[in-house]
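Student: Have a look at the structure that comes next, please.
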Amino acid sequence: MPEQLIFAMEVTLNGLMTGVMYSLVALGFVLIFKASGIFNYAQGVMALFAAMTLVGIQEGRVPFSHLINAIFGTEIYDFGWDVPALLAILLTVLVMVGFAFFVQKVIFKHLVGQEPIILFMATIGLAYFLEGVADLMWGSEIRTLDVGLPQGINLAIDETTFNWFGYGFFIDNLDIVATIVAAVLVAGLVAFAQYTKQGRAMRAVADDHQAALSVGISLNFVWILVWSLAGFVALVAGIMWGAKSGVQFSLSLIALKALPVLMLGGFTSIPGAIVGGLIIGVGEALFEFSVGPLIGGATENWFAYVLALLFLVFRPQGLFGEKIIERV
Amino acid sequence: MFYREAGDFKTTYAADNQTFPIAFDRWRYWAVLFVAVFVIPLVINDYWANALLIPFLIYAIAAIGLNILTGYCGQVSLGTGGFMAVGAYATYKLMTAFVWMDMVTITLLSGLITAGVGVLFGLPSLRIKGFYLAVATLAAQFFLVWIFNRVPWFYNYSASGQINAPERMMFGVPVTGPNAEVWVKYLFALGFVIVLSWVARNLTRGSVGRQWMAIRDMDIAAEIIGVNPLKAKLTAFAISSFFVGVSGALLFSIFLGAVEVGEAFGISKSFLVLFMVIIGGLGSIFGSFAGAAFMVLLPVVLKIVGVDMFGWPTDIVQHLQFVIVGGLIVFFLIVEPHGLAQLWRLAKEKLRLWPFPH
């Protein structure tokens with residue numbers, strides 16, 4: 001086989017893995033948009049906040065220690081204990097649920113019935129707010145996140161492909177774990193939405209707010225539930241991205257990577273988020289591989305958007321989005 | 001008592017349709033203009049100009065531009081930073097390629113170039129609507145910033161990848177470059193603000209503006225009664241981009257002087273201008289000014305209160321600033337989703353009746 005083709009295959013495989021990571025972020029968007037019509041720009045910052053909280057709890061840091069020290073002149077930084085990873089994850093989930101309560105009770109309860117653009121702006125405000133809180137709470141230096149996920153090159157794949165093509169593919173173990181986790185997460189979410197009472201309520205609200213309200217479903221509860229779920233998905237995305245590239249500010253920018261995925265897959269479709277993520281992941285990896293060197297590289301900043309844009313011109317509701325029916 | 005229509009008789013159609021129907025407002029308007037043109041340049045100093053007044057004026061133009069697109073025509077755009085970059089780089093290329101050209105022409109030409117680019121990126125709006133369009137405009141943001149970063153022709157192959165504004169004279173005094181005095185820069189920006197906001201006000205209440213608003217309120221219905229959506233949407237994109245381009249040009253040539261594109265025109269700039277428009281009030285020229293003033297003033301005030309008064313470390317104040325800006329935005333949206341302009345309208349309603357309650 002020609003060498004270029006083998007390289008392209010490796011790039012494609014890695015693109016698929018990256019695509020899964022994009023899908024993880026996009027999932028959180030879809031959950032909230034479906035159930036409440038809120039386009040949640042803060043999803044990326046939620047992932048950052050979740051990852052920082054997880055690291056902070058694991059290392060036994062005192063929240064807001066910088067602020068406390070600045071105000072009271074004290075010198076506290078650490079509780080002096082280490083929390084095991086699993087317990088820390090559980091505690092972080094609790095924090096995210098608390099955050100969901102806060103968001104619903106303090107912000108979106110007062111914005112019911114506003115125009116979508118106003119809700120969108122509110123989530124941008126929320127993103128700024130949360131980013132500031134996260135930095136105040138845990139400090140802004142770069143952290144490494146270690147919850148015991150395998151990392152580094154997968155030797156089995158390396159060897160097998162070497163035997164087949166005479167060239168070993170570099171596939172990160174972490175990406176494989178991420179793929180499995182994403183698959184489990186999606187299966188879990190679908191099962192939850194299909195087979196539990198709360199999941200049915202969630203789907204009812206997504207279909208029609210007023211009809212759901214009239215059969216006795218509490219909108220407030222469903223929205224808190226959805227924000228908690230989105231917080232959980234953000235935590236998973238935060239763990240994966242944090243383990244990959246460290247917990248730092250740029251983690252919140254993965255929201256910007258998830259937006260074209262959403263456009264492509266449709267804002268309201270969970271399978272769309274997955275398929276869109278895969279297409280974008282492969283597309284941008286291959287484009288950077290084949291065309292990137294000719295035009296200066298770093299094309300992955302915009303390629304996804306342009307791809308999604310071209311795509312939307314032919315199918316304005318995305319791949320799996322609900323058909324847009326307009327009435328006057 | 002003094003703020004009322006009574007006794008102010010309108011005898012012509014033009015008088016009936018004027019922007020400020022109340023005599024007091026007209027006097028106030030001329031007074032503000034007088035102070036801005038003749039008083040402030042005499043008393044202005046470096047700090048006031050660079051921290052507040054010049055950025056306020058420049059961002060006001062950008063906010064009016066985005067307000068035309070988002071507030072009047074209903075097309076949400078997150079590409080403002082990218083279009084400002086187009087204005088800035090067009091100015092730079094024109095300044096270095098045509099050394100004899102005066103700054104007003106250069107700035108206006110930069111606006112026109114940006115308008116062209118805006119129309120190009122506005123084309124998808126004919127097919128895509130709502131949030132899909134908002135995300136699609138991000139394509140403009142990222143693509144434009146990338147191209148200014150990667151194509152050396154745009155920054156004249158300079159080693160740093162930055163663009164620097166050379167010195168240009170107008171009426172014998174330098175307008176751009178390190179030797180330009182602040183009152184000159186201030187007046188230069190102010191001139192653009194006055195002319196452009198006059199243009200914007202008259203466009204938005206004319207037939208073009210009414211077409212935009214028809215599209216915003218319900219595009220299909222507007223199409224049925226004979227508004228051409230192609231024309232309305234693309235003119236909105238063109239004129240909005242013209243304003244934004246002029247603002248980017250001024251930001252580069254008279255305010256920053258040296259620009260690194262990812263830093264100066266990144267996505268945070270798009271959000272900043274969008275915040276100005278939302279907090280100021282969608283679909284209001286006054287709101288654009290109020291929003292720009294608010295967003296320019298806020299970090300300055302926070303810094304003065306946090307660092308100078310309480311003596312907290314700068315990094316904590318910076319993080320607190322995020323918290324407070326975010327919190328205030330959410331607070332404003334909850335209390336008054338129609339922005340400062342709506343508060344202003346309510347205040348005027350109250351004033352007309354004052355001191356009687358009904």
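The values are calculated or read from the model by the stated rules, or taken from the named source; none is laboratory data. This one's a predicted model, so the numbers in the text were calculated from it and none came from an experiment. Every residue, glycine as well, gets a Cβ built from its backbone with ideal geometry; the counts of neighbours run over all protein chains shown.
Student: Please work out if A:PRO293 is without any contact (Cβ under 8 Å) to a residue 24 or more places away in the chain, assigned to a helix (DSSP H, G or I) and not hydroxyl-bearing (Ser, Thr, Tyr).
Tutor: On the way: without any contact (Cβ under 8 Å) to a residue 24 or more places away in the chain: yes; assigned to a helix (DSSP H, G or I): yes; not hydroxyl-bearing (Ser, Thr, Tyr): yes.
Taking the combined requirement at face value, the residue satisfies it.
Student: Where in the range B:4-120 are there helices (runs of 4 or more DSSP H), lying wholly inside it, with at least 2 residues that are at pLDDT 90 or above and away from chain A (no Cβ under 14 Å)?
Tutor: On the way: elements: B:13-16, B:23-34, B:40-43, B:54-66, B:80-97.
Output list reads B:23-34, B:54-66, B:80-97.
Student: Next up: Looking at this structure, is A:GLY242 more than 20 Å from the chain's Cα centre (by Cα) and part of a helix (DSSP H, G or I)?
Tutor: Judged against the criteria, A:GLY242 is not a match.
Student: Looking at the range B:320-340, can you tell me whether even one residue there is crowded, with 16+ Cβ neighbours inside 10 Å and not in a helix (DSSP H, G or I)?
Tutor: Yes, some residue in the range B:320-340 is crowded, with 16+ Cβ neighbours inside 10 Å and not in a helix (DSSP H, G or I).
Student: Still on this structure: What's the number of the condition A:VAL328 fails, among (1) modelled with pLDDT of 80 or more; (2) over 22 Å from the mean Cα position of the chain (by Cα)?
Tutor: Result: A:VAL328 fails condition (1) only.
Student: Given the structure, is A:VAL313 in a helix (DSSP H, G or I) and under 20 Å from B:LEU123 (Cβ atoms)?
Tutor: For A:VAL313, the condition - in a helix (DSSP H, G or I) and under 20 Å from B:LEU123 (Cβ atoms) - is met.
Student: Kindly indicate whether any position in the range A:162-185 is under 17 Å from A:ALA35 (Cα atoms) and either in contact with a Phe, Trp or Tyr (Cβ under 6 Å, 6 or more places away or on another chain) or at pLDDT below 90 (or both). Give the derivation first.
Tutor: Narrowing the range A:162-185 to residues under 17 Å from A:ALA35 (Cα atoms): none.
Scanning the range A:162-185 turns up no residue that is under 17 Å from A:ALA35 (Cα atoms) and either in contact with a Phe, Trp or Tyr (Cβ under 6 Å, 6 or more places away or on another chain) or at pLDDT below 90 (or both).
Student: A further question follows. From the list A:THR161, A:THR196, A:THR144, which one is more than 9 Å from chain B (Cβ to nearest Cβ), under 22 Å from A:THR92 (Cα atoms) and hydroxyl-bearing (Ser, Thr, Tyr)?
Tutor: Values: A:THR161 fails: under 22 Å from A:THR92 (Cα atoms); A:THR196 fails: under 22 Å from A:THR92 (Cα atoms).
Exactly one of A:THR161, A:THR196, A:THR144 is more than 9 Å from chain B (Cβ to nearest Cβ), under 22 Å from A:THR92 (Cα atoms) and hydroxyl-bearing (Ser, Thr, Tyr), namely A:THR144.
Student: Given the structure, is A:VAL313 more than 13 Å from chain B (Cβ to nearest Cβ) and not small (Gly, Ala, Ser)?
Tutor: Numbers: more than 13 Å from chain B (Cβ to nearest Cβ): no; not small (Gly, Ala, Ser): yes.
Answer is no for this residue.
Student: On to the next question. If A:VAL306 passes every condition in (1) under 22 Å from the mean Cα position of the chain (by Cα); (2) among the β-branched types (Val, Ile, Thr); (3) over 16 Å from B:ALA139 (Cα atoms) but one, which one does it miss?
Tutor: (3)
Student: I've got another one for you. Need the failing condition index for B:TYR157 against (1) surrounded by 15 or more Cβ atoms within 10 Å (Cβ to Cβ); (2) within 14 Å of chain A (Cβ to nearest Cβ), just the number.
Tutor: (1)
Student: Only one of B:THR19, B:THR80 is in contact with a helix residue (DSSP H, G or I) (Cβ under 9 Å, 6 or more places away or on another chain) and buried (at least 24 other Cβ atoms within 10 Å of the Cβ). Can you tell me which? Quick ask: steps written out before the conclusion?
Tutor: Numbers: B:THR19 fails: buried (at least 24 other Cβ atoms within 10 Å of the Cβ).
It is B:THR80.
Student: Filter the range B:85-108 for residues that are within 22 Å of the chain's Cα centre (by Cα) and hydrophobic (A, V, I, L, M, F, W, C); which is nearest to B:PRO174 (Cα to Cα)? Talk me through it step by step, then tell me what you get.
Tutor: So the first thing to find is which residues in the range B:85-108 are within 22 Å of the chain's Cα centre (by Cα), and the list is B:85-92, B:103-108.
From what is left, the residues that are hydrophobic (A, V, I, L, M, F, W, C) are B:85-86, B:88, B:90, B:103-104, B:106, B:108.
On the way: B:ALA85: 23, B:VAL86: 24, B:ALA88: 19, B:ALA90: 20, B:MET103: 10, B:VAL104: 13, B:ILE106: 15, B:LEU108: 18 Å.
Here the residue is B:MET103.
Student: To continue, here is another question. So if I check each of A:ASP135, A:ASP158, A:ASP146, which one is charged (D, E, K, R) and closer than 24 Å to B:MET295 by Cβ?
Tutor: Working: A:ASP158 fails: closer than 24 Å to B:MET295 by Cβ; A:ASP146 fails: closer than 24 Å to B:MET295 by Cβ.
Checking each option against the conditions leaves just A:ASP135.
Student: Looking only at the range A:233-252, decide whether some residue is closer than 13 Å to B:ALA136 by Cα and either crowded, with 23+ Cβ neighbours inside 10 Å or not small (Gly, Ala, Ser) (or both). Talk me through it step by step, then tell me what you get.
Tutor: Just the residues of the range A:233-252 that are closer than 13 Å to B:ALA136 by Cα, to begin with: none.
No; the residues of the range A:233-252 include none that is closer than 13 Å to B:ALA136 by Cα and either crowded, with 23+ Cβ neighbours inside 10 Å or not small (Gly, Ala, Ser) (or both).
Student: Continuing with this model, one more query. Quick check on my filter: what residues within the range A:1-15 are surrounded by fewer than 16 Cβ atoms within 10 Å (Cβ to Cβ), over 15 Å from A:GLY281 (Cβ atoms) and not polar (S, T, N, Q)?
Tutor: Listed by number, the residues that qualify are A:MET1, A:PRO2, A:GLU3, A:LEU5, A:PHE7.
Student: Another question about this same structure. Assess whether A:TYR195 counts as being touching a residue at least 40 places away in the same chain (Cβ under 8 Å), over 19 Å from the mean Cα position of the chain (by Cα) and over 30 Å from B:GLY283 (Cα atoms). Show your work before the answer.
Tutor: Working: touching a residue at least 40 places away in the same chain (Cβ under 8 Å): no; over 19 Å from the mean Cα position of the chain (by Cα): yes; over 30 Å from B:GLY283 (Cα atoms): yes.
Answer is no for this residue.
Student: Answer yes or no: is there a residue in the range B:273-281 that is crowded, with 18+ Cβ neighbours inside 10 Å and away from chain A (no Cβ under 14 Å). If you could, list the steps in order and put the result at the bottom.
Tutor: At the first step, the residues of the range B:273-281 found to be crowded, with 18+ Cβ neighbours inside 10 Å are B:273-281.
Within this subset, residues satisfying the condition of being away from chain A (no Cβ under 14 Å) are none.
Checking the range B:273-281: not a single residue is crowded, with 18+ Cβ neighbours inside 10 Å and away from chain A (no Cβ under 14 Å).
Student: Something else now. Quick one: is B:LYS303 assigned to a helix (DSSP H, G or I), more than 14 Å from chain A (Cβ to nearest Cβ), modelled with pLDDT under 90 and surrounded by fewer than 19 Cβ atoms within 10 Å (Cβ to Cβ)? Break it down stepwise before answering.
Tutor: Working: assigned to a helix (DSSP H, G or I): yes; more than 14 Å from chain A (Cβ to nearest Cβ): yes; modelled with pLDDT under 90: yes; surrounded by fewer than 19 Cβ atoms within 10 Å (Cβ to Cβ): yes.
For B:LYS303, the condition - assigned to a helix (DSSP H, G or I), more than 14 Å from chain A (Cβ to nearest Cβ), modelled with pLDDT under 90 and surrounded by fewer than 19 Cβ atoms within 10 Å (Cβ to Cβ) - is met.
Student: Need the failing condition index for A:PHE39 against (1) assigned to a helix (DSSP H, G or I); (2) in contact (Cβ under 8 Å) with a residue 60 or more places away in the chain, just the number.
Tutor: (1) is the only condition that A:PHE39 fails.
Student: Scan the range A:280-296 and give yes if some residue there is within 8 Å of chain B (Cβ to nearest Cβ), modelled with pLDDT under 80 and under 27 Å from B:VAL151 (Cβ atoms), otherwise no. Walk me through it before giving the result.
Tutor: Taking the range A:280-296 as the starting set, the residues that turn out to be within 8 Å of chain B (Cβ to nearest Cβ) are A:295-296.
Applying the additional criterion that residues be modelled with pLDDT under 80 yields A:295-296.
Subset that is under 27 Å from B:VAL151 (Cβ atoms): A:295-296.
Among the residues of the range A:280-296, at least one is within 8 Å of chain B (Cβ to nearest Cβ), modelled with pLDDT under 80 and under 27 Å from B:VAL151 (Cβ atoms), which makes the answer yes.
Student: Could I ask something else about it? Pairs needed: first member in the range B:149-169, touching a residue at least 24 places away in the same chain (Cβ under 8 Å); second member anywhere, part of a strand (DSSP E or B); C-beta distance under 6 Å; at least 6 residues apart or different chains.
Tutor: Between residues of the range B:149-169 that are touching a residue at least 24 places away in the same chain (Cβ under 8 Å) and residues that are part of a strand (DSSP E or B), the close pairs are B:TYR155/B:ILE163; B:GLN162/B:ALA258; B:ILE163/B:VAL259; B:ASN164/B:ALA258.
Student: Give the residues of the range B:121-156 that are closer than 20 Å to B:GLU263 by Cβ and assigned to a loop (DSSP other than H, G, I, E, B), sorted by residue number.
Tutor: B:VAL151, B:ASN156
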